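Below is one structure; the comments refer to it alone.
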Amino acid sequence: MRSKDESKIESIYKATLKLVKDRGLAGITMSDISKAASIATGTLYIYFKNKDELIKALFTACRQHSAEQYFAGLDESDAFEEKLKRLFTNIIHYKMVHFEVSVFLEQAYHSPFGCATDLKKKQKMLVPLYALIDEGIAVRKIKEVEPELVVVFLFGIVNEMVKHTYYAGKKLTPEAVSQLYALFRSGI
């Protein structure tokens, strides 16, 4: 059996991300993806037996990469406030630079393609975020609420700002990021 060509998988993933951004997850077919990836539909089925399998594989790859970037540069020895601000900045920067991934992940979370095991993997990848929230609650720097509420608030405020900025054709300035962080910080 021949091994799968990683460059073809990357091409399939890129095409899928672009199509999801442009049409939405429900609005694309395997035929659309193969055309956008410039491969034969039959070839696409060699790599993924159906759209569900493709979306789940892409979801896992995107979730892993985004989580790695969210926590880049965080140092356990840093003060809580410094870690929280770095994390916030990393998340918003990643979502602006990788807007198609951001759109895809948001749609995948809220679609029939997401399943309980996928969401459990997501939570496992965000363990450092939950640990930081727990630390903040313990040292009374975050309100004593369910950590999940902080996570939802964090991603909600970031996702909306990123979409607003992208679709308005604006640039997200460092001042705007600082102001958004201050709003987030005062909310928790």
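What follows is calculated from the coordinates using simple rules that are stated; it is not laboratory data. Just so it is clear, the model here is predicted, and its values are computed rather than measured. Every residue, glycine among them, receives a Cβ derived from its backbone with ideal geometry; neighbour counts consider all protein chains shown.
Worth pointing out:
- Segment 58-187 shape via C-alpha gyration tensor axes, a/c threshold 1.5: oblate
- Residue-averaged 222 nm ellipticity for the chain, from DSSP H runs of 4+ at -39500 (n - 2.57), nearest 500: -23500 deg cm²/dmol
- Reachable aspartates and glutamates from K56, criterion Cα separation under 14 angstrom, eight or more residues apart if same chain: E106, D118
- The chain: most fluctuating residue of A176, A168, A36 per GNM, C-alpha cutoff 10 Å: A168
- All distinct Cα pairs of segment 1-87 go into the 1/r average, and the inverse of that average, the Kirkwood radius, is 14.8 Å.
- Beyond 26 Å in Cα-Cα separation lie the following of the pairs K51/K171; K8/K49; K8/K124; K49/K95; K21/K171; K18/K170: K51/K171; K8/K124; K49/K95.
- Each principal axis of the Cα atoms in segment 1-49 has its own extent, and those three values, largest first, are 35, 17, 15 angstrom.
- The local environment of I39, defined by Cβ-Cβ distances under 11 Å, has a net charge of +1 under the rule Lys, Arg +1 and Asp, Glu -1.
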